[in-house]
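The values are calculated or read from the model by the stated rules, or taken from the named source; none is laboratory data. In this text the structure is predicted, and so the values were computed from the model without any measurement. Neighbour counts are summed over all protein chains in view; Cβ atoms, including those assigned to glycine, are modelled from backbone coordinates with ideal geometry. Surface accessibility is based on the protein's heavy atoms, side chains included, excluding ligands, DNA and RNA. Shrake-Rupley method; radii C 1.70, N 1.55, O 1.52, S 1.80 Å.
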Amino acid sequence: MPAQFRRMVVLLCLAVMSWAAHAQDAASLLRKHDSLTAQLASNPFKRPLVLESSESSNRLAGDIYAVIDHPFTEVSQSLQLPPSWCDVLMLHLNTKYCAASKAGTDTSLSVALGRKFDQPLSDAQRVKFVWQPVVATADYLNVGLAAAEGPLSTRDYKIVLEAVPLDSGKSFIHLSYSYAYGTAARLAMQAYLSTIGSDKEGFTVTGKDDKGAPKHIGGVRGVVERNTMRYYLAIDAFLDAPAPAQLEARLGAWFDATERYALQLHETERTDYLAMKRNEYQRMKSGGS
């Protein structure tokens, strides 16, 4: 068998194997959708959404499964582009700057993380997210960002989005947000949770109080649940208003969506958030100056 023909056969086999694996990923996500039918139809979020979180000795993870009112082709075309993720991440209160860049075949996002108020970029922490290889087929999307190191001793950040098409022009997505942490981060988190973060809650219901009202999880799982929700709402707001000229609509939509869960997500007033983000977007457009 000629070498060139053998190479073509190998490439064809690899392509078939890749297609089969991605088809399995799509099938697995659709099975997850079916298993969550009841929870998607009735839940405290009053939208087709399920949030899960987990905590191990050194890692936190949040997962959101949701049906969104956007056709799969629109979701796939928009969210497989690295600059789109800067627009998504910038909606979050703590994201102060984001720029996508390419070096050879590698793409990365330089992200600055800071406080929940306007501050100089020099005071923020820089995190480099590496853009993962995109899987984009006719019925499945998988995009991911990974950062080896984060603020303090946090590390191994992963943000992964999967999506599949549903009937009636909708899509089912799975957003996963996780990171590992060391001693410095654990101590800093304990200090935060014992002071200004002592009254913060997550979304998972752990029981009821004396008056019969739901009690929500706190601690570090509450932290990861709040941030996972903020990123999900950012994706939804971006898909509703993806164009550069729609920045004001996007900012307003994200803030209004977070206020529907004010118990967990309220941090600042609408006018303050909008002013802060206008400044940060302007700074991002000017390259960080």
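Structural remarks
- Spin-label pair Val205-Asp256: with each label point 7 Å from Cα along the Cα-Cβ axis, the two points sit 2.7 nm from one another.
- If R0 equals 22 Å, the separation of the Cβ atoms of Asp156 and Ser101 corresponds to a calculated FRET efficiency of about 0.55.
- Helix axis angle, 247-259 relative to the chain longest principal axis, alpha carbon, degrees: 60 degrees
- The fraction of accessible area contributed by carbon and sulfur in segment 88-172 is 50 percent, rounded to a whole number (1.4 Å probe; ligands and nucleic acids excluded).
- Phe117 accessible area, assembled protein chains, probe 1.4 Å, Å²: 100 Å²
- Length added when fully stretched, Thr271-Ser168, from 0.36 nm per residue minus Cα-Cα: 33.4 nm
- Accessible area (Å², per residue) of the chain, counting only protein heavy atoms and a probe of 1.4 Å: 51 Å²
- Bridging of Lys285 to lysines at a Cα separation below 28 Å is possible for Lys96, Lys102, Lys116, Lys128, Lys158, Lys277, once same-chain residues fewer than 8 apart are set aside.
- Rounded to 10°, Cα long-axis angle of helix 219-240 versus longest principal axis of the chain: 60 degrees
- Structure-derived volume of the Cα convex hull per residue in Å³ - corresponding label in (i) 125; (ii) 168; (iii) 153: (ii)
- Residue separation of Thr183 and Lys46 scaled by 0.36 nm, minus their Cα-Cα distance, works out to 45.6 nm of gained length.
- Summed residue charge, Cβ within 12 Å of Leu265's Cβ, Lys/Arg positive, Asp/Glu negative: 0
- Val130/Arg283 FRET efficiency (R0 41 Å; Cβ-Cβ; nearest 0.05): 0.95
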